[in-house]
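See structure below.
Derivation of every value follows stated rules applied to the coordinates shown; laboratory data play no part. These numbers come from a predicted model, not from an experiment. Counting neighbours? That spans all protein chains shown, and the Cβs are built from the backbone with ideal geometry, glycine included.
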Amino acid sequence: MTNRRAISASMAILLAGSVALAQEATSGVFSGRGVVTAVQPGTGALTFKHEDIKGFMPAMEMMYKVRSPALSNDLHPGDAITFKIDAAKYEILEVAVVSKK
């Protein structure tokens with residue numbers, strides 16, 4: 001019985017550590033690069049295909065809310081961008097155009 005308790009306690013500690021690491025990985029501000037595929041009228045939400053965002057998420061196409069709709073004002077599908085994202089909120093904080101379509 002003692003060995004089972006020790007193993008269970010060790011597993012609980014490892015699990016707690018893994019959860020803490022996962023939470024740390026999903027907070028902070030990360031930088032990325034991508035190509036705009038859509039801009040949502042009204043809210044300015046951006047859909048874009050992005051490269052891997054190191055330390056945050058793999059490459060994919062996804063819609064993100066923006067801190068301010070003004071960030072999307074001059075963006076169009078096909079524009080290459082760099083961006084900063086708040087990982088906890090999945091919110092785009094900054095956008096810069098690298099090249100226009």
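Worth pointing out:
- Of the residues 74, 86, 79, the one with the fewest other Cβ atoms within 10 Å heads the list, and the complete ranking is 74, 86, 79.
- Couplings 3J(HN,Hα) for region 87-101, derived from phi with the Karplus relation 6.51 cos²θ - 1.76 cosθ + 1.60 (θ = phi - 60°), are 5, 5, 9, 6, 10, 7, 9, 9, 9, 10, 7, 8, 7, 8, 5 Hz, where x marks Gly and Pro.
- For region 29-99, radius of gyration divided by Kirkwood radius, i.e. Rg to Rh on alpha-carbons: 0.91
- Amide H contacts of residue 64: 46, 47, 48, each under 5 Å away and 5 or more positions distant or on a separate chain (H built 1.01 Å from N in the peptide plane; Pro and chain starts excluded).
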